[in-house]
Each structure stands twice: as C-alpha cells, then as structure tokens.
Amino acid sequence: MQTPASAPVSGDEYGLAEVPRSGATQSMAGDVTLASGGLESSERTMVVEVNPTLGGPVGEPPANGAEHSSTPASTLAGGSPVAAPAVVRLRPRRLGLRGRLAYLIQAWSVSLVVHVAILSALAAATFSSQDTLKKMINFDSALATYHSGEQELLPIYADPDNAQRDKAIGDENANTAGEPAPTGEDAGEETGMLAAGGLGAGRPSATPRIKGAAKGRINEGTSLPGVKIDGLSSSPLSLLPAAPATDLSGGGKISGDPVFDVKEIGTALDQLAREILRHLKDHKLTVVWMFDESFSMEDDKRTIQQKFDRVSSELKVNVDNDKKAANALNHGIVGFGQGMEYALEKPREDIDQIGRAIKRLRIDSTGIENTMHALREVVDHYSGLIRKDRKLLIVLVTDESGDDGADVEEARQALKKHKIPLYVIGRQSLFGYPFAHHRYIDPVTKDVYHPLIRRGPETADLEIYQWDGLYDRWDEQPSGFAPYELARLTRDSGGIYFVLPSEEFMRVRKREQAYSITQLKEYMPEYDNRMSYVEKRNSSPMRQTMHAVVQESRALIYRRDFPIASDEMVKAAMEEGQKAGVKLNLLLGLQTRLESLQKIRDREPEKRWQAHYDLMLAQTVAFQVKAFEYRALMASIVKHPPQPKGKPGANMVITWVVDHSKQPWAPKDMTAKKYAEAERLLKDVIAKHPKTPWADLAQDTLDRGFSVVFNEWHHNPKYYERAQYVPKY
C-alpha cells in the first residue's frame, strides 16, 4: 500500500534507526531508495537524506548521477560537533535524458514485437490455400453441384424484396426437363427461401450473389434455371418485413414455408428436385412419396405421372456416381385413404420406379382421407432407416386437408421427433370454411350433385360466418393459404406447402388470382396449437364475441325447398315468414353487439381480425336486408301462390327453391337506408383490404344481391335414391 505524502513516516516502519530530535545539525547527505514497507520502487522512488554520524543508512547515488545539495554544519561553542537532529526528506526521483530513453526504448521494443506477431498471423491467414477458403465459404446455395472455375461470379442488383409473389421456378407448360423457360413477364425466378434447410434465421442480404451453371448441367434453358442465388431457394415470405402485430411462429421467424405459390404441378416438382438435392448435399436421403387415393385425386395423379420425369431427369443428372453407388438416395411410395397401401415399400434407388408405381395406386372409394394417421404410420414404418448419415423426407400429394385434423399434434410430434421435413403438393384452403363442392352429373338421370370434400379452413377454428345470408356457404372463395393442419406441419417440420391453383371443376367461378404474399403477409393465420389459439381468442373481448356470433348465426339458415302444391306451399310460406321476422330481430341484435366493439377493433393488433370484424359487420347489415326481403317474398307467396311453367311427369319432379337475387320484393322506401348502409360497409371492406379474400367475399355479397327469388327446380324422381351412386371424393 502506498503511503500518502502527507502522512508521517516512521523510521521503525521502514527499518530506519531512530533519529534524535535535539542538538545542532551537521550535514552529510546520503540517498536511500525506499523499497520496503509496501512501497514499490516502480510506483514511487524517494531520496532520503540522513546524517551518517547518527548511524542512519547511506544510500547509493541517484541513477542519473545528479548531486544533492548538503545541509550547512552546526557546531557548538568550541567548535565541537554536536548531535544534530536528522533531516529526513522524501522527494521524487528525477530521471535524466538517458534514463528516459532507456524506458522509451524498452516500451517501443515490446510494442514492435507484439505488432510483428499480429501482422504475421494476419499474413498467414491471408495467404491460406484456395481450397481452405472454398471450404469456409459456400457460394453454391442452389441445389445443383458446384464445379470450381466453371463460371465467374456476377453481381446482381435486383432487390429480392421486389420480386413478384406469384412467380416460381420453371416453365409451367413444360412436360419434361430441358424445355425452354418462359421469358418476359412470365419468366419467374426462384426467390425467397433461406438456404440452410429452409430454416428461417433472419433477413439475408438484399443483393445476393448468383452464379451460372456449367455446360451439360442445369442452365437457363432447362426446367431448373442455372441462376443460383446464394441464400434464396423458395418463396419470399421470410424476406418481407414483418407486420407490426404478426408473429408467424411465436418467435418472429419461420422454419418452413407454408405458402409457396406455383402455377401447376410441374413447377412444384421442379422445386422438389431442388429440395431433394439440397438435403442430399449433407447426408444420405430416403424420400417417401405419399399419395391421396381419393377419387378427386385422379386428375392430379395423372398429371404427376406425366411430368414426373422432370424430377427423375434432374436427379439423374445431379447425383454423382459415388452417391449412386453408395445408394445415397432412394425412394418409397405409399398410398392412403381410409387405410394404407405400400405400393413400393422397400426404398429403391431407381427414381423411375416411382413413376411406374404411381400407375398402380388404387382408388379409395370410401372418400375418407386419414391424412394425419397416415403420416404417423409412415414415420413409424420408415424411422428405422434414419441414421447419423441418413435422413428421411416425406412428400405428400393431396387435394384435401384430411378428415382427421384433430390428430394434427400427434403427426407433428412424430415429424419433429425424427426431424423429418414434410413437403406437400396441395390446393388452397377455402377461406374460413371447411368444404369445397364438386360438380357431378349423374350419367343416367343427368341430375347434378355437389358432393363435399374437406379443404379448410386455413385457421385453427372458424373465424367468419358459415352462411351466405340464406344457406350454408357456396362461394368457394380461396384463402390464399394452405389448410391449417398441413400448413402447421410443413412450417414446423421445415418443409414447404406448394399451393396449386383451384381446379377447373369448382362449382362457382374459379378465381385463378394468386394473392400476392406481400399483400397477404399481414393477414397470416396463427399456426399455434389449438389450445393456445383458443386461449388467445378468449383473452380478447372482440375475438371472443365474434366467435360467439359465428356460432349463434348457424341457427339463422332459411328454408330453401318448397312444395309445388299451392295449399302446402302457402302453409310453409306463412311459417317461414314468421321465422324470418325473428331472424331479422336477431341480426339487429348482432349488429348492436358488433358495433359496441368498434373501439376495441381499432386497437386490435392483428390485421386479420380487423378484416374479420369489418366483413362480419358489413354482412350482418346485408343479411338484415335479405331477411326483410325473404319475409316479403313469403308474404307475396301467401297472397299469390305461383304456378310452375313446366308440368311434373313420370320422369320429372318440380320443386320451388329460394335463391339469391338483386330484384327487391319489399317497398324501397322501407329498405332504402339499409340497402345504402350495407352497400357502404361492404365497399369499405374492399377499400380497406384490397386484393384479399375479405375484399373478394365482400364483392360476392354485393354481386349476389340483397334480395331473394322463387325458382323452379326440375329433377328426376329418383334424385335422392341415386345419390348413393355419387362418387365419394
């Protein structure tokens, strides 16, 4: 410990002899460097002047050789010396020029040695071999193999954030690999998915690097273009800035891609080839192809069979001979419906066998798709093949969401446990509604049937009205998203859901518009498990009330069919007219409840629920008008029962049905304000949420009209009897 300069110094403390304090002084100077008592010589050097005749210590001269001034001698009378009190004086030691140079040279030498060592290390790193650098930096994030020296890296200046969402890899019209890719507006480039296994780790550079392909390999003229973008290989969902209140997977990142738009199956197969090759870079791979065997899948299976050589040819070209010899890539094929069919149970390395096995898949006539159960069984059946150097990948081809969606968590757990990515080629979910309707014409009676298939909703539970103001929904409005269960599985497993456009035989008009993900990202569904979803919904007064309104509205369905006999028709019309009045009052009450939530709606963090509220309020008012018009129609029927234009016969039955219409029945002065209010609210939805399913469904409500009409329905007397022969899709 260093003693303060102002503190008294004791001779005993530092080993100095006690100095008497009386008598005359006699001066002889001696220098002592204090190095004890806790003082470090490097911290403080002191000079002690003491009278040597008193036995005090005599130090060595200062290092710089400077002379010290002596104290004048004091003598008694008679000239004899007397003991003078010792003079002990501490003062800083001063260094001369040579001393200072010595210290400076020593410090400079140490600094020089340190800097030389650092520069030598940097030089060694800089001049490492090219092979080492190539191992450290992966320029080839595309799925084709990289060959050094083939092409020079070129800069790309296009910002991938500006890429159109509905563009994907490959020529949508090509049947085989090698056909020219489209150019101009139809030439889409692959954009978006983060390279490392599809795992979202953050936003990549806005200026990625690209590299051309070698001759004989994938190039711009083939189905897999040779422009390989470092860090991008799928949809641009993860590139877009997150919406303020949208959290895709609890942590603000996505692992898989639940929304990858493709224009047709061939394009999806191109990307699948890329994904298989990407996984094959890191480990051996077994791919299990699962096919939905329902009747509705026949067209899709034929298309895949015709275009499957796009996959096989690319894999043959890009899997090297060493991996082929080691059986690094093999395939199995499984069909499923109500049960399971292992069409190619033992995995084979010959990809062509998959195409041939597709032909042998049967048709499941039950119409039941146990998709979640099939996934769990496939994982259990093939998980024994998984090793440290071999992984399993599942490709699911289906046009439905499955009839066992309640078991989604068990399927998810099986995939997560074994780290198996799931890739799905499927259709868009119906917007907020579970079912789509096929159109089937009886070949004998020519009657038209509309069997149901399950394709939705895109959310964990129903969030919007399940009726269209009269009956169960028939609008078949696409959502732009995958069905909830399959989207949850692909996202959490690190796979991709390839969203195919709606098929041509959908009942109403087909919306081929692929919604832009830049527009829909703010409306992303919540992919939490259902328990967490319900807890979050119940914590919001607005969401909880809206859910209750959806459930209560199920009791508001109207009667559609009426008998042709006048007396029976009038009786039914009187009953239904009274019910319409009750339903009108219920709808007025629902409007009041919804309007009370307006302030909460404005504070709602998620735009999806804001859009739900806007659409539900607008439809509630429009459906009030329809209830009033339905009651007016019933009153008209009671007064003047209509007569059919046709005549029933042995081969034809006539039934009256109520359909949507724009022609009003009620006096305009009684409904004008409600008509105007409903139209204004629906147009507000279109303006607030343009190019979204909410806007399209609001437009559908306007197009159908707010009124009703009585129509004749002609059908065969055996209509209901022959319903048993309608295929189960």
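The values are calculated or read from the model by the stated rules, or taken from the named source; none is laboratory data. Given the structure is predicted, the values throughout are model-derived calculations rather than measurements. Cβ sites come from the backbone with ideal geometry, for glycine too, and all protein chains shown count toward neighbours.
Table for the structure above
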read-out: Residue check, Asp669 surrounded by fewer than 19 Cβ atoms within 10 Å (Cβ to Cβ) and either among the charged types (D, E, K, R) or free of Cβ contacts under 8 Å to residues at least 12 places away in the same chain (or both); value: yes
read-out: Helices (runs of 4 or more DSSP H) completely within the stretch 524-632 that count 2 or more residues being more than 20 Å from Ala695 (Cα to Cα) and in contact (Cβ under 8 Å) with a residue 24 or more places away in the chain; value: 530-538, 541-552, 566-595
read-out: Selection from the stretch 281-315 of residues that are β-branched (Val, Ile, Thr) and out of contact with any His (no Cβ under 6 Å at 6 or more places or on another chain); value: Thr286, Val288, Thr303, Ile304, Val311
read-out: Any hit, the stretch 340-349, residues being touching a residue at least 12 places away in the same chain (Cβ under 8 Å), within 26 Å of Glu463 (Cα to Cα) and surrounded by fewer than 18 Cβ atoms within 10 Å (Cβ to Cβ); value: no
read-out: Residue list for the stretch 297-347, restricted to those being part of a helix (DSSP H, G or I) and polar (S, T, N, Q); value: Thr303, Gln305, Gln306, Ser312, Ser313, Asn318, Asn321
read-out: Cβ pairs under 6 Å, 6+ apart, first in the stretch 470-492 and small (Gly, Ala, Ser), second assigned to a helix (DSSP H, G or I) and at pLDDT below 90; value: Gly480/Leu520
read-out: Residues that are within 30 Å of Tyr433 (Cα to Cα), modelled with pLDDT of 95 or more and part of a strand (DSSP E or B), drawn from the stretch 386-417; value: Ile394, Val395, Leu396
read-out: Residue, farthest from Thr445 (Cα to Cα), within the stretch 609-659, restricted to residues that are of a type in the set (Ser, Thr, Tyr) and crowded, with 17+ Cβ neighbours inside 10 Å; value: Tyr613
read-out: Number of the condition not met by Asn327 [criteria: (1) at positive phi; (2) of a type outside the set (Val, Ile, Thr); (3) surrounded by 16 or more Cβ atoms within 10 Å (Cβ to Cβ)]; value: (3)
read-out: Given (1) among the basic types (Lys, Arg); (2) in contact with a strand residue (DSSP E or B) (Cβ under 9 Å, 6 or more places away or on another chain); (3) buried (at least 20 other Cβ atoms within 10 Å of the Cβ), number of the condition Lys662 does not satisfy; value: (3)
read-out: Matching residues, the stretch 319-354, being at pLDDT below 80 and either within 32 Å of the chain's Cα centre (by Cα) or closer than 25 Å to Arg302 by Cβ (or both); value: Val319
read-out: Filtered residue count, the stretch 348-377, keeping only those that are more than 14 Å from Asp407 (Cβ to Cβ), part of a helix (DSSP H, G or I) and β-branched (Val, Ile, Thr); value: 2
read-out: Residue list for the stretch 282-297, filter: surrounded by fewer than 20 Cβ atoms within 10 Å (Cβ to Cβ) and within 24 Å of the chain's Cα centre (by Cα); value: Asp282
read-out: Subset of the stretch 422-479 [outside the structural domain of Glu293 (by TED's automatic domain parsing), among the hydrophobic types (A, V, I, L, M, F, W, C), part of a strand (DSSP E or B) and in contact with a Leu (Cβ under 9 Å, 6 or more places away or on another chain)]; value: Phe435, Ala436, Trp467
read-out: Tabulated pairs, the stretch 360-389, first of a type in the set (Gly, Ala, Ser), second part of a helix (DSSP H, G or I) and modelled with pLDDT of 90 or more, C-beta under 7 angstrom, 6+ apart or interchain; value: Ser383/His418
read-out: Residue within the stretch 566-589 that is modelled with pLDDT under 95 and either in contact with a strand residue (DSSP E or B) (Cβ under 7 Å, 6 or more places away or on another chain) or surrounded by 14 or more Cβ atoms within 10 Å (Cβ to Cβ) (or both) present; value: no
read-out: Single match in Asp300, Asp352 (criterion: of a type in the set (D, E, K, R) and surrounded by fewer than 19 Cβ atoms within 10 Å (Cβ to Cβ)); value: Asp352
read-out: Exclusive hit being hydrophobic (A, V, I, L, M, F, W, C) and loosely packed, with under 15 Cβ neighbours inside 10 Å, set Val378, Val444; value: Val444
read-out: Any hit, the stretch 251-259, residues being modelled with pLDDT under 90 and either of a type in the set (Phe, Trp, Tyr) or in a helix (DSSP H, G or I) (or both); value: no
